[in-house]
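Engineer: This is the structure, below, for whatever I ask next.
The values are calculated or read from the model by the stated rules, or taken from the named source; none is laboratory data. What you are looking at is a predicted structure, and each value in this text was computed from that prediction instead of being measured. Note that we place each Cβ from the backbone using ideal geometry, even for glycine, and neighbour counts take in every protein chain shown. Keep in mind that these areas ignore ligands, DNA and RNA; they rest on the heavy atoms of the full protein, side chains included. Shrake-Rupley method; radii C 1.70, N 1.55, O 1.52, S 1.80 Å.
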Amino acid sequence: MDDDALVRAGLRILVGGSPDIEVVAEAGDGEQAVTVAGAHWPDVMLMDIRMPGVDGLIATRRIRSRPGAPQVIVLTTFDADEYVLEALRGGASGFLLKDTPPREILAAVRTVAAGASSLSPTVIRRLIDHVADPEAGTRRARARSRLATLTDREREVAILVGQGQSNAEIGAGLRMSLPTVKGHVSRLLTKLDLNNRVQIALLVHDAE
């Protein structure tokens with residue numbers, strides 16, 4: 001989803017050329033992106049932030065507010081966009097720079113389609129450092145209050161998710177089986193009213 005037809009064409013050729021990925025639709029603005037999501041219900045959507053009319057931030061929130069919604073990967077120039085964190089809080093599962101190497105774009109699509117995020121803890125820290133936030137204190141208190149509703153074990157799992165650890169790494173560190181870790185992550189999403197691991201990580205970082 002991008003207002004630049006050339007960018008859309010390049011992504012269509014790149015992604016569509018992979019034997020395990022099918023391109024079902026494209027859109028030139030956020031309003032069209034919401035319509036496409038409802039009509040085709042793809043597994044993953046690549047979403048530009050800066051588009052005319054309804055931008056990628058609003059479109060991402062609308063799409064991700066639906067049960068079982070497609071995963072969204074935000075496209076950004078990073079240095080120019082100040083709204084990446086807002087997109088992630090709106091439900092995006094990660095982001096890609098527009099000059100990301102083709103193999104990494106395909107890898108990110110596959111990763112997000114499998115239910116994981118394509119956002120490393122290093123990137124999260126860079127984003128948080130990059131965006132000046134006058135409401136940081138208020139959000140910190142709110143985040144800590146939400147984490148306080150968790151059990152000790154759930155908080156441990158949340159912190160490790162915030163550090164970018166996989167379920168297997170969490171299980172090894174806390175000596176839990178993989179199904180048990182998955183159960184804890186699922187309960188975290190429900191209790192905290194979040195829809196992916198990236199939002200858990202952001203909440204943990206907000207709480208510091």
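Engineer: Restricting to segment 168-206, count the residues that are of a type in the set (S, T, N, Q), in a helix (DSSP H, G or I) and surrounded by 15 or more Cβ atoms within 10 Å (Cβ to Cβ).
Structural biologist: 2
Engineer: Can you name the residue in segment 132-152 that is in a loop (DSSP other than H, G, I, E, B) and within 19 Å of VAL198 (Cβ to Cβ) and, of all such residues, is least open to solvent (accessible area, probe 1.4 Å)?
Structural biologist: Looking at residues that are in a loop (DSSP other than H, G, I, E, B) and within 19 Å of VAL198 (Cβ to Cβ), I get LEU150.
Engineer: Would you check which residues across segment 153-167 are surrounded by fewer than 18 Cβ atoms within 10 Å (Cβ to Cβ) and at pLDDT 90 or above and list them?
Structural biologist: Once the filter is applied, which keeps residues that are surrounded by fewer than 18 Cβ atoms within 10 Å (Cβ to Cβ) and at pLDDT 90 or above, segment 153-167 yields ARG153, GLU154, ARG155, GLU156, ILE159.
Engineer: While we're looking at this one, here's another question. Tell me, which helices (runs of 4 or more DSSP H) lie completely within segment 1-95 with 1 or more residues that are surrounded by fewer than 16 Cβ atoms within 10 Å (Cβ to Cβ)?
Structural biologist: 5-16, 30-40
Engineer: Still on this structure, please answer the following. Just the residues that are at pLDDT 85 or above and touching a helix residue (DSSP H, G or I) at 6+ places or on another chain (Cβ under 6 Å), please, taken from segment 1-17.
Structural biologist: Of everything in segment 1-17, just one residue is at pLDDT 85 or above and touching a helix residue (DSSP H, G or I) at 6+ places or on another chain (Cβ under 6 Å), namely LEU14.
Engineer: Let me ask you something else. Does segment 43-58 include one or more residues that are free of Cβ contacts under 8 Å to residues at least 24 places away in the same chain and at negative phi?
Structural biologist: Checking segment 43-58: not a single residue is free of Cβ contacts under 8 Å to residues at least 24 places away in the same chain and at negative phi.
Engineer: Within segment 37-76, how many residues turn out to be in contact with a Leu (Cβ under 7 Å, 6 or more places away or on another chain) and of a type in the set (Ser, Thr, Tyr)?
Structural biologist: Counting residues in segment 37-76 that are in contact with a Leu (Cβ under 7 Å, 6 or more places away or on another chain) and of a type in the set (Ser, Thr, Tyr) gives 1.
Engineer: So, in segment 102-131, how many residues would count as being open to solvent by 70 Å² or more (accessible area, probe 1.4 Å) and at pLDDT below 60?
Structural biologist: Of the residues in segment 102-131, 2 are open to solvent by 70 Å² or more (accessible area, probe 1.4 Å) and at pLDDT below 60.
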